[in-house]
Each structure stands twice: as structure tokens, then as C-alpha cells.
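Remarks on the structure that follows.
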Amino acid sequence: MDTPDGIIETPPAPQERERAERPPERPETAPEALDEAVDKAADDFESEGAAFEAFGRAEFERVTGGDIPKEELDADPQVRDAKRELEDVASQSRVLVDSFKGRLAGFGSRLKRWGRAALAGAVISSSAMNVAEAATPPDHGSKLEHVEKGKPGDSVAVRAIETLRADKGMAAQFTPEQLQAFEGALARWDGPKMERALADIAGLDAAALAKEGVKEIRLLSDAELRVMAERDPKNVDPKMKAVTSNDRVLLRASAFVGRDGAIDGGEVLHTVAHESNHAEHSRSDSIKHGEQVRPWDAVLPHGVQEGVTEVLALRGLERLGEKSKDQSYAGGNFAAGFLLDKVVGTRALAHDYLTGGTDQMRAALGEKFGRAGADRILRKHFYSGMGSTGAEPEALSTAVDIIREAKRAGMDVGALLGTAAAEGVVERMQAVGDGEGVVLSKEIPNDAVGAVASAAVEDRVPLTPHAPPVRVHVLSQGYGARQADVDFAALGKKIREGASAIEAARAEFIRANGLDEDFEDDPVAAESYAAAIDAALVKAGQITPGETFNVVVNAADEMRPLRDSLAKATTRAERDAIRQRMADEAVRIARDVQAKIGSAAGAAAR
Amino acid sequence: MTRHDGTETKGTPEELEELKDEFAAAMRDLRRRQRSAVEKALKAVDMKKSEKIRKRPDEISK
């Protein structure tokens, strides 16, 4: 080995090298010692909870125990409120103690005590852990396969099951059959295997990935979720279905209960896969506001990230032999991810997702649509709103961009969208007109909404020669303002002013730089022109830079009659026909809104 | 966690400490709410007392 001063050093002997490369050994805690620590923690949690309740009661007695008669205090609304609040925090402390004791069940050396086979058997049979039961052949065929392949290889899934079994809140909310179904779904999850599958798809070495997947998976009872939401109302939504925070996956158990009370185990598994993908994409070495950073947040619409997360959940589960269906709502997320997958290929998609970049996707898009086309697709669309905006319509815009570029490049857009149906994807995607938009629709049988539809349609002719087209997004539920609440005159005027600002900025840009009208053929000039336009839009109070004027409309009111008839439909053909009518209605509304904006903008110009 | 002797534990002592810290933080939040509820009750009782004190001179003048 050459040193800087030219002295040649003898390389270390193999044994020495091994010693040098091996990380220093940490003192290990004996399993028994960990068990004792776990038992002590459980006792501590219990006694702290009891002390908390006793203290609250005693304090209330002390404060209200003076010479004012009890009846008088009981009648006082302030005192009653305080008492209610004390009872509420006491009940929340009980939920917390139960929940944390449940999580302790995932610790300890039980694998040693009961043995791997016993635990695996217990995972299958969902019964008490004993060797006799584990030796009995389970009757759920597919799950036996997992055991033979080495389950429980995923200690995170095992811990999730043990935590679930010890969770009193879950036991209080769900029947034994439902709990067993949850266990069955968790037993099917194998995180390390999923990680290897994704790395394989991406052409990456799983061992070299920055992440090791999720650390914890938890199914939460509604009671516990309420406690969490009260503690952290900004970040915890008690109605959420699932969330991943710093490698920990939290699932609202009640979100997986069908109308008939049955648990859709496939959906639980699929959701764990989706959330686990978020953990793979996040960077543990980069924390912002207490959360691991997701690199795509800075460069792509959030909805596109969600869509790709969903597509890779499907592709990864396929590799694991699990047939799943997309669980996303119609609105653009999944459509954008699916279309990107089709155009750039799953390998590039997975590579960039796992490494946090966009290079391979950009290169693949560039090959098909040119650099400018790739840039138009891989960008954020909504910086703020004209009307309210959100992740799903923004991703819908990415889907429109892909369709528009594909159309320009002479690709068969109908065939591209048709692959979704051919692959068994529930989302139905159709191009609008001559590729100026996209409409999505989807039936969601286990959900009260029944079916959803969303469309994004662009104006054929912009308001002024160089202004971007107006892109109208219509969603059958969720985001956007109701048409009845939109002030079309003001909106048209605002867009008209934006278009005029763009024309003025363009003329000034050409004059100041001594350019010709065809300056956009030069990529450098085009780039600085784009920056000048963004600045002009901001100056004109438009705020929204970028290529399109985006308007988002909520069509829940208009869709109601169709939803009502969907609820009464009995055959698949009937339901399909209604879903299609919802899609057609979304496009009709988009065109209607465009016409209203167009005439308002025209009036503003006069 | 797989130890060198081949036995397996499903959590590390560090993770146990993290869980204990998390529990402590959650209880701290509840304690804060408990304290404010007690303060609310105390305030209401004080109001009652001062109402009584204000009433007393009238009662005496009768």
C-alpha cells in the first residue's frame, strides 16, 4: 500500500484485516435480562397510569372540597367541564397504558422460549403459543407455504402480531374473527423479501440500499388513534387509513372493515406494502420538521409520489406471489404512477424511487419525448391555487402531460391507457378528445361513495397566442370548489390578466435580449424565458408559475343522482354503465367550466 | 436481533428505552391537560367564593 510519502506498508494479515473491518462488538443483553426489563416496564406503565388517575381524582377533590356545597359545584358548567376533561384524560391514560403494554409484547426473548416453530405455528393458527398446536398441520394452505419458506423471517411482522394480541383496545373493538383476519394478513407480510424484490426490479443490490425497511407496523384501535390525534392534531388525522412516519407504519384497523364486517386481509397486506415503500423512499439521514425527508417531495407532485408508491406496491407484491389490486382513489395519483411505469419502464421507476433521484426516468422520457417533454412531465404543477387544489388533481395534471407528450410523439394513447384494464387494474382511464385530457373512473364496492370519477381537460385554444391553456380538473368528491361557489367573472378576469402579463413579459424578453420570435428553439433562451414568465406571473399576482392555469372543481353535487342510482344497481353491467356515465359527466362539467371561464375572460378583455 | 449464540430477541434494549421515552412523553402531555383541567376547576371554585363574598354585604344590610 503506497502512503503519500512513498513508503510501502505491508498489508495487514487476513485475520487482522477481518478484525479491523468488523464493527466493534457491543455488549449484549442476555434475553432473560431483556425479559426482566420488559416486565418491569409493563409494571411501571401500569403503576404510572394508576398514579395519574388517582392524582387527578385527588386534585379534583382537594380543589372542590371547600365550604361550597357539592350540589352547587355540580351545577356549575365550568366545574362540570373540568370534571369531564379530567375523566377524559383518565380514560385516555388507560388507553395509553394498554397500548404501550401491548407494544411491550413485541419485545423479549419469546422466540427463544417457545422456539421458532411454535411461534410460526401460532402465527398460522392464531392460537396460544404451544408446541403441540404448532405441530398440528394448519388448514390455511397458502400460509403454511410461508412457514416452510422460513417464516417468521420478518421479525417486524411477528412483533406486529404479538402487539396486536396484547392490545386491549383492539380486543374491545373487534371480534375474535376480525382479529384473526388481521393476524392472517400480517403473517403474510415479509418486509425483507419485499425489499429484495423491489431492489431486484430496480437492478440494485438490496444490501446496498440506504434503508432497511420499516421498524414497526401497528394496527390501531379507534380509541388509541383518538388519543394520538388529541396529542398531535396537526400530524395525526383520526380518519386516516394508514400513515408512515420515520419508518413506523400505523394503520387504522377500522378502515379495513367491509360493510359486512369482514376484514379484507388483501387490502391490509397491500396497504402495509404501500406504506413500507414510503419508508424505503425516505431518507433516514435527512430529517426535516422531525420527519425523514422524502426526496421526491422537492421535485415532483406529491400525488405522483403516491401513485408510484402504489404501482411499486403492486409490482413488489406480484413478485411475492400476492395478487393485489390498487387501493388508491381515482383522482390522478395512481394514473400518473401507472402511466409513468408504462412509459419509462418499472426498472427506471423503481431505481429512481429507491435512490431518490429522477435521472433514469428523465432519460427514458427524454428518449421518447425529447428533453423539453421530459421536463414538462417531471415537474410540479400547482404552487398555489386558483380555487382549492390538492395532491390528486395535481397528479392528474401529470397524467395529462404524459398523454399529451405521447400523442405528440405519435404513440397510440388508447392502447397505452387500455393496458390498465388488460392488467386487471380497477382504475379505468380514457383519453379525452384528441389527447387534450384524461378521465378516470373507478368503482369502490366497499366504500360509501360507491364510485369516483375525475377528469382533467385542457383548452384547445389558449386565451392569447402565448398564454398557457386553461386546465380544468373535475373531481367527483374531495378537492375543489363547488361550481355554485365559483366566481367565474373574477376567475376569468384573473386568468385574462395572467395571459396579458405573459404576453407583455414575452415582448419585453424579446426586446431586452434582441431575440427573434423563434427564440424558443434555443434551449438556453427557452429556460431563461420560462424563468422570466414565472417572475411576470408572480408580479401580476398570479402566483402560479408554470405552464398551465389550473382550476379545480368539485362535482359531488352533480354526481349525486348517478351515485344514488349506483346504490340501487344490481348487476355488474348496470354498475359499469353508471361508472361510465360518471366519467362522461366529469368531462361534460370540465368543458362547461371551460366555456364559462372562456366567456368571463373574453368579457374581461372587452 | 439475533445474538451470537443463535438465540433471538425481538427488540433491542435501545428500542425498549425508546418505547419508555415515548410513553413518558405521552403521559407528560396528559399531565399537562390534567393540570389545566384542575386549574379550570380551581378558577371556577374561586369565582363561586368571590361571588359569595360580594353577596355578603347586601345580605348583611338586609
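Quick look at the values:
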item: Some residue of segment A:146-155 being modelled with pLDDT of 70 or more and either in a helix (DSSP H, G or I) or more than 7 Å from every other protein chain (Cβ to nearest Cβ) (or both); result: yes
item: Residue, farthest from B:Lys43 (Cα to Cα), within segment A:75-110, restricted to residues that are among the polar types (S, T, N, Q) and facing another protein chain (nearest Cβ under 8 Å); result: A:Ser109
item: Residue within segment B:42-62 that is under 30 Å from A:Asp98 (Cα atoms) and either more than 7 Å from chain A (Cβ to nearest Cβ) or modelled with pLDDT of 80 or more (or both) present; result: no
item: A:Tyr479, sole failed condition from (1) assigned to a loop (DSSP other than H, G, I, E, B); (2) loosely packed, with under 14 Cβ neighbours inside 10 Å; result: (2)
item: Total residues in segment A:163-178, condition assigned to a loop (DSSP other than H, G, I, E, B) and either under 15 Å from A:Gly261 (Cα atoms) or modelled with pLDDT of 95 or more (or both); result: 2
item: Residue satisfying condition, being in contact with a helix residue (DSSP H, G or I) (Cβ under 6 Å, 6 or more places away or on another chain) and in contact (Cβ under 8 Å) with a residue 40 or more places away in the chain, within set A:Glu224, A:Glu216; result: A:Glu224
item: Qualifying residue in segment A:480-497 (condition: under 20 Å from the mean Cα position of the chain (by Cα) and modelled with pLDDT under 85); result: yes
item: Residue within segment A:208-215 that is closer than 24 Å to A:Arg165 by Cβ, in contact with a Ser or Thr (Cβ under 9 Å, 6 or more places away or on another chain) and not in a helix (DSSP H, G or I) present; result: yes
item: Residue that is nearest to the chain's Cα centre (by Cα), among those in segment A:245-271 that are acidic (Asp, Glu) and surrounded by fewer than 18 Cβ atoms within 10 Å (Cβ to Cβ); result: A:Asp264
item: Sole residue being of a type in the set (D, E, K, R) and out of contact with any helix residue (DSSP H, G or I) (no Cβ under 8 Å at 6 or more places or on another chain), chosen from A:Arg496, A:Arg460; result: A:Arg460
item: Residues being of a type in the set (Gly, Ala, Ser), in a helix (DSSP H, G or I) and in contact (Cβ under 8 Å) with a residue 60 or more places away in the chain - total across segment A:546-602; result: 10
item: Number of the condition not met by A:Gly541 [criteria: (1) under 22 Å from A:Ala601 (Cα atoms); (2) at pLDDT below 80; (3) surrounded by 12 or more Cβ atoms within 10 Å (Cβ to Cβ)]; result: (3)
item: Flag if A:Gly108 is assigned to a loop (DSSP other than H, G, I, E, B), modelled with pLDDT under 75, out of contact with any Ser or Thr (no Cβ under 6 Å at 6 or more places or on another chain) and surrounded by 14 or more Cβ atoms within 10 Å (Cβ to Cβ); result: yes
item: Test: residue in segment A:33-42 that is open to solvent by 90 Å² or more (accessible area, probe 1.4 Å) and modelled with pLDDT under 85; result: yes
item: Residue count, segment A:296-314 (criterion: open to solvent by less than 30 Å² (accessible area, probe 1.4 Å) and either closer than 28 Å to A:Asp190 by Cβ or modelled with pLDDT of 95 or more (or both)); result: 11
item: Residues within segment A:315-336 that are under 18 Å from A:Ser397 (Cβ atoms), open to solvent by 10 Å² or more (accessible area, probe 1.4 Å) and modelled with pLDDT of 90 or more, tallied; result: 0
item: Matching option when the condition is surrounded by fewer than 17 Cβ atoms within 10 Å (Cβ to Cβ), more than 26 Å from A:Gln594 (Cβ to Cβ) and touching a helix residue (DSSP H, G or I) at 6+ places or on another chain (Cβ under 6 Å), among A:Ala526, A:Ala507; result: A:Ala526
item: Residue match in segment A:522-540 (condition: out of contact with any strand residue (DSSP E or B) (no Cβ under 6 Å at 6 or more places or on another chain), in contact (Cβ under 8 Å) with a residue 12 or more places away in the chain and outside any helix (DSSP H, G or I)); result: yes
item: Every residue from segment A:175-217 that is open to solvent by 20 Å² or more (accessible area, probe 1.4 Å) and at positive phi; result: A:Gly203
item: Pairs, first more than 7 Å from chain B (Cβ to nearest Cβ) in segment A:49-74, second open to solvent by 50 Å² or more (accessible area, probe 1.4 Å) and assigned to a helix (DSSP H, G or I), C-beta under 8 Å, six or more apart; result: A:Gly49/A:Arg94; A:Glu53/A:Arg94; A:Asp74/A:Arg80
item: Residue identified as under 20 Å from A:Lys494 (Cβ atoms) and open to solvent by 20 Å² or more (accessible area, probe 1.4 Å) among A:Ala595, A:Ala577, A:Ala567, A:Ala590; result: A:Ala595
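The values are calculated or read from the model by the stated rules, or taken from the named source; none is laboratory data. Given the structure is predicted, the values throughout are model-derived calculations rather than measurements. Note that each Cβ is placed from the backbone with ideal geometry, even for glycine, and that neighbours are counted across all protein chains shown. To get the accessible areas, we keep the full protein, side chains included, count just its heavy atoms, and leave off ligands, DNA and RNA. Shrake-Rupley method; radii C 1.70, N 1.55, O 1.52, S 1.80 Å.
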